[in-house]
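Enquirer: Sharing a structure below in structure tokens format, with a few things to ask.
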């Protein structure tokens, strides 16, 4: 190894070692999680989803009948924040909790912008295909229409006082009875975060 290669290796090894040493596993939503004042972090999704689900289950708005869970469709979740966010992170956590409760199942065959999973539709298009055993293809009238729709909005409000910046995120959800069109449950969860601006930049 020539002198240049040795010098380069000596310079890179500490950086590589530091990079490996800085990575670690943390508890999801724990105190070690990164907090960004102007963004929604993992722990924000967890806290909002847990409290909204708890409120919905306690309200009694969704009750299974004779052990048969109600069918829920996901309506539009509007993002009124300053950044692009994946609202599925919130809704998936709520859907999983409702499913485990035994009170509701989510349909993926119906959606405002088309089905979440087009497989139910695609498999029915095989009825005209002679290559498939028609007895194995779902017949008409088997898809289940939803009873309720869960829709909502995420709103962000920012404030500053000197070097302190504050962001407030409001997670708003509504459960609509699709038979009557009435909102039978509504809730809002607020998450407020503060941070000090650096002396130079933000």
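Enquirer: To the nearest 10 degrees, how steeply does helix 3-21 sit against the main Cα axis of the chain, on a 0 to 90 scale?
Expert: Helix 3-21 sits at roughly 50 degrees to that axis.
Enquirer: Between 0 and 90 degrees, rounded to the nearest ten: what's the tilt of helix 88-101 against the longest Cα principal axis of the chain?
Expert: Helix 88-101 sits at roughly 50 degrees to that axis.
Enquirer: For helix 42-59, what angle does its Cα long axis make with the longest principal axis of the chain, in degrees from 0 to 90 and rounded to 10?
Expert: 30
Enquirer: If R₀ is 22 angstrom, what is the calculated FRET efficiency for the pair residue 26 and residue 54, using the beta carbon separation as r and rounding to 0.05?
Expert: Given R0 = 22 Å and the Cβ-Cβ separation, E is 0.35.
Enquirer: Quickly work out the residue 127-to-residue 34 label distance, labels modelled 7 Å from Cα along the C-beta direction, and quote it in nm with one decimal.
Expert: Going from the residue 34 label point to the residue 127 one covers 5.1 nm.
Enquirer: Measuring from centroid to centroid over Cα atoms, what is the spacing of the range 158-197 and the range 42-103 in Å?
Expert: So the separation of the two Cα centres works out to 15 Å.
Enquirer: Additional query: When the helix-only estimate is applied to the chain (DSSP H runs of n ≥ 4, each -39,500 (n - 2.57), divided by the residue count), what is the mean residue ellipticity at 222 nm, nearest 500 deg cm²/dmol?
Expert: That comes out to -9000 deg cm²/dmol.
Enquirer: Turning to a different aspect of this structure: Could you give the nm distance between label points at residue 188 and residue 136, where each point is 7 Å from its Cα heading toward the beta carbon?
Expert: Taking the simple label geometry, residue 188 and residue 136 are separated by 5.3 nm.
Enquirer: While we're looking at this one, here's another question. With the Cα gyration tensor of the chain giving a ≥ b ≥ c as the square roots of its eigenvalues, does the rule (a/c under 1.5 for rounded; else a/b larger than b/c for prolate; else oblate) give rounded, prolate or oblate?
Expert: It is oblate, given that a/c is not under 1.5 and a/b is not larger than b/c.
Where a number appears in this text, it was derived from the coordinates with a stated rule and is not lab data. Fair warning: this is a prediction, and the values are worked out from it, not measured in the lab. Ideal geometry is used to build each Cβ from the backbone, glycine not excepted, and the neighbour counts take in all protein chains shown.
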